[in-house]
Amino acid sequence: MAATASRPSAPAPSEDRLGGARLVDAYRAMVLARALDERCLSLQRQGRIGFYAPHAGQEAALVGSALAVAAEDWVFPAYREMTVALVRGASLQAVVDQLFGDAGDLAKGRQMPNHFAFRDQHFVSASSPIGTQIPQAVGAAMAARYRKQAITTITYFGDGATSSNDFHAGLNFAGVFRAPTIFFCQNNEWAISLPRERQTRSSTLAMKAEAYGFPGVVVDGNDVNAVYAAVRAARARAVAGDGPTLIEAQVYRFGPHSTSDDPRRYRADAQVEEARRRDPVARLRAELLAAQLLDEAADAALAEEARTRIGEAIGRAEATPALEPLSIFDDVFAQPTARLAEQRTDCAAHLAPGGRSS
Amino acid sequence: MTELTLVQAVNRGLQEAMRADPDVIVLGEDVGVNGGVFRATEGLLKEFGADRVLDTPLSETGIVGSAIGMALYGLKPVAEIQFLDFIYPAFDQIVSELAKMRYRSGGQFPCHVVVRAPYGGGIKGGLYHSQSTEAYFCHTAGLKVVVPSTPADAKGLLRTAIADEDPVLFLEPKRIYRSVTGEVPDGDHRVPFGSARTVRAGSDVSVFAYGAMVPVVTEAAAALEAEGISAEVIDLRSLVPLDEEAVLASVGRTGRAVVVHEAARCCGFGAEVAAVLAEKAFYSLKAPIARVTGYDTPFPYALENVYLPGPDRVVAAVRDTVRAG
Ligand SMILES: Cc1ncc(C[n+]2csc(CCOP(=O)(O)OP(=O)(O)O)c2C)c(N)n1
Ligand SMILES: [Mg+2]
């Protein structure tokens, strides 16, 4: 398929800092991300959505990286990257519809919340198995280069994923083939209950790149501009034909691993409190206020705007019809096999009022 | 028509598909300079260059994982797994990713990769160069699984696999890579999926097989003929999708069924064929369905001929079935 040439292309190669209005835009995206996160946790507690995996604490890493790549680039996400999809132009409604698994979900309710897929945003379908997206991002980058398209792929994963075989396979392939890929590791210090020290004896995750023959860099993931600059540099290297980069964005997961997790079993509240002092959203807010790019009133308006948009999207999602039951048979193959057609007919008979019950 | 061995037909299918479409690329271990350990990719590097014939690092996870990424981007990768026995590092990529990509994205991300793998015993390959584990993959929704037994089908099914829109596991019966030769149609020859092939017509019993078991069953049928038993031999060649119509029609005529595969019996594909017959052809059956399969042991090295079904075991099972009713 052709890369979508009609979209806005990458920021100028020379630009390695977000400033002025673009920095305010980054902040707006982070405010939306934080508000959406809080709202989703409460939706799950109220039983209105089935599951949720929060990203609070990771907003600067998410937004900074998303702004640093181009629309024609491809994203291979894990499950905490809804904000990346939003920055790339996925609609808030589409995101919320996925969480609800309603008829508006572009992925037709096939996956748990947080497992997004947005074709138009080159945001590849996320799955649960940890690390599987990593070699896929490398293959897509190799394909783009084969097509002589100067794009890059960026793949997101956590500290835990650096122990997966897919991580090593992916980085090794990228090194050997000099694939234009950015490996964006959000080291949030936890993989469910296991601290980062339990994943590796290496002093950083970034240093693992060295063994594969390309650079690895550590970046303060709470600093949106530091993340932006690191990803810009990695992208420039990639499109210049200089190969991949591993970026370790050091962040902290403020919330539970997911709504099924109780972090008090494995970490002290004091550690969370300490990390919250480095809150990326508060940090950027303070920067913008100091630089007079924002004032209290404008900030309050941004927060209000986020809340309103989220509330509206949820309202619409809850008014959206449920999925058509027989849609479970679609998309297994491009065309249904005779066997699937038969099972669909069986299922339809079973579902019909007064239908047969076998 | 050209007379080719089965492995030459695979090679020809790859070459013609690559000539026809620059999006087709081949990747795997030793597929380039060496032309594949079985020579299935011989000559491709020379003709198509290192951009299209990729000698990869030794990582099946990496081979299939990167092939998935290529396919998502729009290429048509054909990944070689050196032996089916070594596919397991890629099992997660195949089962969790490749097979489910279209479905889990609501159709937004079709993902068409062909995974080729030589499979099966009879080459003195021991536990890890002999297995026939197609059932794992047939059990996975979203994968197509095909197995040629003739050179013509090898090329024809491979061309169809590469042109298909869904992921395909293309299993090559390595035992008959070179022992079987046959006429292969020149040019764009395609064999549709989901259509079984009648190897020989018969009236007393239907014998279903695929891959390297087809010549075994054919030999058995000839011996049975001499005893006055007329066996119909059906090469399933496409396990998913299965040509149920052909299976049912044959048993509708003969009233008896024997299913043959070299894979272990427990949950082997023969169980699926037997179940379809039990569900849909029960009243046509004159005798219990029989299975002739590998045993439920790991694949043995020195005694592989004990493990593998041969014509004698097929003959015995058919005789029993015909005598049973
Ligand atoms: C292969 C695999 N093993 C186990 C799990 C269960 N699991 C889900 S998330 C997770 C931890 C992941 O940690 P990390 O990579 O650091 O990402 P984070 O959740 O912190 O974003 C585990 C063990 C899984 N999804 N996949
Ligand atoms: Mg983590």
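Which one of B:Arg175, B:Arg159 is of a type outside the set (A, V, I, L, M), assigned to a helix (DSSP H, G or I) and in contact (Cβ under 8 Å) with a residue 60 or more places away in the chain? Step through it out loud before you land on a result.
Values: B:Arg175 fails: in contact (Cβ under 8 Å) with a residue 60 or more places away in the chain.
Of B:Arg175, B:Arg159, the one residue that is of a type outside the set (A, V, I, L, M), assigned to a helix (DSSP H, G or I) and in contact (Cβ under 8 Å) with a residue 60 or more places away in the chain is B:Arg159.
Taking A:Val219 as the residue in question, decide whether it is crowded, with 19+ Cβ neighbours inside 10 Å, outside any helix (DSSP H, G or I) and away from ligand 1 (no atom under 16 Å from the Cβ).
Numbers: crowded, with 19+ Cβ neighbours inside 10 Å: yes; outside any helix (DSSP H, G or I): yes; away from ligand 1 (no atom under 16 Å from the Cβ): yes.
Yes; evaluated as a whole, the condition is true for this residue.
Among the residues of the stretch A:143-160, count how many are farther than 18 Å from A:Val124 by Cα and either in contact with a helix residue (DSSP H, G or I) (Cβ under 6 Å, 6 or more places away or on another chain) or modelled with pLDDT under 95 (or both).
Of the residues in that region, 2 qualify.
Can you list the helices (runs of 4 or more DSSP H) found entirely within the stretch A:257-358 that contain at least 2 residues being of a type outside the set (Ser, Thr, Tyr) and within 14 Å of chain B (Cβ to nearest Cβ)?
Values: elements: A:269-276, A:280-290, A:296-319, A:338-351.
Qualifying helices (runs of 4 or more DSSP H): A:338-351.
Can you pull out the residues in the stretch B:42-63 that are over 23 Å from B:Phe86 (Cβ atoms) and of a type in the set (Asp, Glu)?
Scanning the stretch B:42-63 gives B:Glu47, B:Asp51.
Can you give me the ranges of the helices (runs of 4 or more DSSP H) entirely in the stretch B:236-312 with at least 2 residues that are among the charged types (D, E, K, R) and within 14 Å of chain A (Cβ to nearest Cβ)?
Working: elements: B:244-254, B:269-280, B:304-307.
In the stretch B:236-312, the matching helices (runs of 4 or more DSSP H) lie at B:244-254, B:269-280.
Please find, within the stretch A:102-116, the residue that is farthest from the other protein chains (Cβ to nearest Cβ) out of those that are crowded, with 22+ Cβ neighbours inside 10 Å and at positive phi.
Selected residue: A:Asn114.
Taking the stretch B:97-123 as the region of interest, how many residues are outside any helix (DSSP H, G or I), charged (D, E, K, R) and over 19 Å from B:Leu14 (Cβ atoms)? Reasoning before the result, please.
Within the stretch B:97-123, the first condition is being outside any helix (DSSP H, G or I), and the residues that meet it are B:99-100, B:105-123.
Imposing the further condition that a residue be charged (D, E, K, R) reduces the set to B:100, B:116.
If we keep only those that are over 19 Å from B:Leu14 (Cβ atoms) as well, we get B:100.
Residues that pass the stated criteria total 1.
Just give me the residues in the stretch A:283-307 being surrounded by fewer than 16 Cβ atoms within 10 Å (Cβ to Cβ) and within 30 Å of A:Arg110 (Cβ to Cβ), in sequence order.
The answer is none; no residue qualifies.
When the residues of the stretch B:54-105 are filtered to those that are aliphatic (A, V, I, L, M) and within 7 Å of another protein chain (Cβ to nearest Cβ), which remaining residue is nearest to A:Glu72 (Cα to Cα)? Steps first, please.
First pass over the stretch B:54-105, keeping only residues aliphatic (A, V, I, L, M): B:54, B:58, B:63-64, B:67-68, B:70-72, B:75, B:78-79, B:81, B:84, B:87, B:90, B:94-95, B:98-99, B:101.
Within this subset, residues satisfying the condition of being within 7 Å of another protein chain (Cβ to nearest Cβ) are B:67-68, B:70, B:72, B:75, B:101.
Values: B:Ala67: 20, B:Ile68: 19, B:Met70: 15, B:Leu72: 14, B:Leu75: 17, B:Met101: 21 Å.
In this case the residue turns out to be B:Leu72.
Hey, could you check the stretch A:167-198 for residues that are in a loop (DSSP other than H, G, I, E, B) and more than 23 Å from B:Glu60 (Cα to Cα) and say which is nearest to ligand 2 (Cβ to nearest atom)?
Keep residues of the stretch A:167-198 that are in a loop (DSSP other than H, G, I, E, B), which gives A:178-180, A:188-189, A:192-193.
So of that shortlist, the ones also more than 23 Å from B:Glu60 (Cα to Cα) come out as A:188-189, A:192-193.
On the way: A:Asn188: 4, A:Glu189: 7, A:Ile192: 8, A:Ser193: 11 Å.
Of everything passing the filter in the stretch A:167-198, A:Asn188 is nearest to ligand 2 (Cβ to nearest atom).
Residue by residue through the stretch A:117-166, note down the ones that are more than 8 Å from chain B (Cβ to nearest Cβ), away from ligand 1 (no atom under 16 Å from the Cβ) and outside any helix (DSSP H, G or I).
Once the filter is applied, which keeps residues that are more than 8 Å from chain B (Cβ to nearest Cβ), away from ligand 1 (no atom under 16 Å from the Cβ) and outside any helix (DSSP H, G or I), the stretch A:117-166 yields A:His122, A:Phe123, A:Lys148, A:Gln149, A:Ala150, A:Ile151, A:Thr152.
The values are calculated or read from the model by the stated rules, or taken from the named source; none is laboratory data. Since the structure is predicted, the reported quantities are computational estimates derived from the model, not experimental observations. Quick reminder, even Gly has a Cβ in these numbers, built from the backbone with ideal geometry, and neighbours come from all protein chains shown.
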